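Every number in this text was worked out from the coordinates using simple rules, so none of it is lab data. In this text the structure is predicted, and so the values were computed from the model without any measurement. When we count neighbours, we look across all protein chains shown, and the Cβ atoms used for this are built from the backbone with ideal geometry, even at glycine.
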Amino acid sequence: MPMNILNPYAQTSFANNNCRGQWLRGNLHTHTTFSDGTRPRQEVIDDYARRGYGFLMLSDHDILTAEPDYAALDPRGMVLIPGNEISANGPHLLHVNARTRVDPRPLRQAVINDAVADRGFVIVNHPNWQEKFDHCPLARMSEWIGYLGLEIYNGVISRLHGSAYALDKWDMLLSAGRRLWGFANDDSHAPFDVEIGWNVAFVTDHSPDAILDALVAGRFYASTGVTISDIRVQDDTITVRAENAQRIVALQQVGKRFATADGPELRVTIPPDAAYVRFECWGQGEQFAWTQPFLIEKT
Ligand SMILES: [Zn+2]
Ligand SMILES: [Zn+2]
């Protein structure tokens with residue numbers, strides 16, 4: 001059946017060896033002593049920079065950690081993105097590229113609208129946190145519009161109630177026709193939360209705008225340890241390669257696995273009934289990498 005594969009990596013080195021740019025690793029969810037983190041801002045920045053991160057967003061609860069524009073801080077060569085975790089009165093929302101503090105009112109759709117009007121974007125945080133794995137119920141995520149994606153992995157939840165993963169809600173939303181990107185973030189509050197979940201984005205230059213453009217366009221993958229080295233789309237096939245993957249799995253709606261390879265490469269033909277496909281690369285222990293979804297248009 002003729003189809004059009006919407007490849008989020010079309011403008012990266014995965015699709016085109018001549019593509020100018022680089023893959024940069026970053027974390028968008030970080031707490032400091034500005035809210036309930038244990039370390040001051042500069043100490044947290046130093047820690048991420050030492051580990052080779054390219055970008056970082058400090059995201060304290062209901063406060064602009066960046067104010068005024070991170071001016072007092074040394075970025076240690078990283079790009080610092082201004083942010084805020086909108087927390088009071090409802091499910092937590094990450095306000096990325098926050099220029100102003102959005103009032104955290106219970107009507108979360110209005111909060112999302114304000115954040116977008118502020119030239120930022122919104123990520124739904126740790127949807128499966130808490131005793132009922134339901135910090136952010138699917139019904140609310142289905143109802144809201146205008147947010148960019150969700151945390152499919154949130155590091156700090158791996159030591160709290162509920163699940164650090166939200167692949168179930170992601171697949172249900174994607175299956176309902178939503179185009180949402182999957183993010184992995186540390187949500188670090190203490191040193192031992194650092195470097196457990198990150199995003200690797202293809203950026204054309206080392207600037208906040210280039211990083212934000214890449215995230216908005218889905219030119220990134222989420223990871224807890226596996227590195228994706230290539231993704232090729234050709235006709236109705238997709239090939240994914242990750243050197244440190246022990247298994248690569250291909251999924252379609254509603255989270256149905258349709259192909260698996262035990263090794264660093266998987267090549268699949270898109271099933272005729274697929275509305276989207278996405279890939280999980282499983283490494284050693286609890287290491288994963290997740291591609292963004294490839295939406296399939298029937299032509
Ligand atoms: Zn939170
Ligand atoms: Zn947080």
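Computed packing ranks the peptides 108-120, 210-222 as 210-222, 108-120, most packed first, by mean other Cβ atoms within 10 Å. Shape call for segment 16-224 from the C-alpha gyration tensor, a ≥ b ≥ c root eigenvalues: rounded (a/c under 1.5), prolate (a/b greater than b/c) or oblate? Because its axes are fairly even, with a/c under 1.5, segment 16-224 counts as rounded. Each part reduced to its alpha carbon centroid, segment 127-176 and segment 38-66 end up 24 Å apart.
Between the alpha-carbon centres of segment 219-275 and segment 20-34 there is a gap of 25 Å. Given the options Gln287, Gln234, Gln252, which has the most mean-square fluctuation in a GNM of the chain, springs set between C-alpha atoms less than 10 angstrom apart? Fluctuation is largest for Gln234.
Here segment 16-224 is treated with +1 on each Lys and Arg Cβ and -1 on each Asp and Glu Cβ, and its dipole about the Cα centre works out to around 460 debye. Once a ≥ b ≥ c are taken as the square roots of the eigenvalues of the Cα gyration tensor of segment 163-281, is the result rounded (a/c under 1.5), prolate (a/b larger than b/c) or oblate (a/b not larger than b/c)? Rounded, since a/c falls under 1.5. Mind checking which of Cys19, Cys136, Cys281 has the largest fluctuation in a GNM of the chain, springs on alpha carbons under 10 Å? Looking only at Cys19, Cys136, Cys281, the largest GNM fluctuation is found for Cys19.
Pull up the cross-link candidates among the lysines for Lys169, meaning alpha carbon to alpha carbon under 19 Å and not fewer than 8 places away within one chain. In chain and number order, the partners are Lys132, Lys256.
Working from Cα pairs under 8 Å separated by at least six residues, relative contact order for segment 16-224 is 20 percent. Taking Ile123, Ile145, Ile86 in turn, the Gaussian network model of the chain (Cα-Cα springs below 10 Å) assigns the largest fluctuation to Ile145.
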